[in-house]
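The values are calculated or read from the model by the stated rules, or taken from the named source; none is laboratory data. Not measured: the values here are computed from a predicted model. Positions of Cβ are backbone-derived with ideal geometry, glycine not excepted, and every protein chain shown enters the neighbour counts. The accessibility values were calculated without ligands, DNA or RNA, using every heavy atom of the protein model including side chains. Shrake-Rupley method; radii C 1.70, N 1.55, O 1.52, S 1.80 Å.
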Amino acid sequence: MMNKRIAEHVEDVFAGVAPEPKVLEIKEELLTNLNEKYLDLLAAGQSEETAYASVISGIGDIHDLLRDYTSSGPYSSMERERRRNQKNILVSIGSAIVVLSLAVLLVFSYFGLESLGLALTIICWAVATGMVVYGVNLSKTSYEKHNNTFVEQYKEKQADDESTLSMKKAINSAFWPLIVVIYLALSFITRRWDITWIIFIIAAAVQQMIHWLLFAKSKEGGKYWHGMFWTAVVALYFIISFVFSAWAWSWLVFIAAVALQQIIVLLKIWRKRQ
């Protein structure tokens with residue numbers, strides 16, 4: 001339940017501020033944050049007046065926050081978009097170099113210069129990696145919280161979210177060109193173009209696993225886990241079907257997967273109760 005005095009105080013704080021989307025987002029998050037803390041203090045035994053005074057004093061300098069995150073501030077959406085565009089250009093070029101490095105290797109191998117082709121390919125990968133890393137650092141933001149006010153917590157959270165998003169996009173940009181290279185290499189070597197495309201399904205499961213291990217928060221673990229599990233099941237289905245020509249019965253993999261999923265869920269519930 002929204003506390004009326006807190007809501008009125010927040011309205012006063014934001015009085016006269018242009019209702020930009022970011023301003024409304026900060027306002028809504030502030031209201032939610034203050035009311036949650038207020039209820040927590042009441043539950044801890046504090047009086048309504050003491051709890052109210054405590055949450056209000058913990059807001060911090062909202063106008064300083066608005067200067068940073070609205071209009072032309074250093075963390076405004078326009079400035080963040082400019083940094084993201086610079087990063088995307090560098091990452092895209094680096095990814096293109098990775099893909100083209102395969103062509104370099106194939107051309108030199110055709111002329112019997114495998115060692116030179118491999119050396120140039122490694123150089124291409126080194127250059128591409130450098131561009132991707134520089135691009136990520138270019139758009140990366142960091143902030144060291146100075147106190148526990150809402151303003152400081154918000155700045156720290158925004159910096160963490162921006163860094164996580166930037167890193168996730170960089171990994172994805174480097175990951176998929178690598179998968180394309182592996183796919184083409186396996187296809188040319190094995191001549192099994194009818195099967196090697198399965199690597200893209202396997203790669204999707206691996207990507208989910210990487211995101212789960214590096215970025216998932218506790219409440220997001222289930223989302224990543226389910227995506228990774230079912231993508232891996234689909235990959236397993238096609239692998240069994242192609243390798244053993246077992247299309248008549250390989251669909252049973254999905255029934256087995258449903259049973260396995262339920263067993264895993266039950267095990268997780270059992271562990272939480274221990």
Evaluate region 80-103: report whether one residue or more is polar (S, T, N, Q), within 30 Å of residue 189 (Cα to Cα) and either at pLDDT 80 or above or crowded, with 17+ Cβ neighbours inside 10 Å (or both).
yes
Output yes when any residue across region 106-119 is modelled with pLDDT under 75, of a type outside the set (A, V, I, L, M, F, W, C) and surrounded by 14 or more Cβ atoms within 10 Å (Cβ to Cβ), and no when none is.
no
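Quick check on my filter: what residues within region 245-274 are among the basic types (Lys, Arg) and under 19 Å from residue 226 (Cα atoms)?
Listed by number, the residues that qualify are 268, 271, 272.
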Are there any pairs, at least 6 apart or on different chains, whose C-beta atoms fall under 8 Å, with the first in region 1-25 and under 16 Å from residue 38 (Cβ atoms) and the second open to solvent by 90 Å² or more (accessible area, probe 1.4 Å) and of a type in the set (Asp, Glu), and if so, which?
none
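Only one of 243, 206, 181, 234 is part of a helix (DSSP H, G or I), of a type in the set (A, V, I, L, M) and modelled with pLDDT of 85 or more; which?
Going through 243, 206, 181, 234 in turn, the sole match is 234.
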State which residue pairs qualify: first residue over 17 Å from residue 188 (Cα atoms) and inside region 110-124, second residue surrounded by 14 or more Cβ atoms within 10 Å (Cβ to Cβ) and among the aromatic types (Phe, Trp, Tyr) in any location, beta carbons under 6 Å apart, and separation of 6 or more residues or different chains.
116/108
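Could you list, in sequence order, the residues of region 189-209 that are over 20 Å from residue 228 (Cβ atoms) and open to solvent by less than 30 Å² (accessible area, probe 1.4 Å)?
196
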Scanning region 223-257 residue by residue, those β-branched (Val, Ile, Thr) and exposed (fewer than 12 other Cβ atoms within 10 Å of the Cβ) turn out to be 243, 255
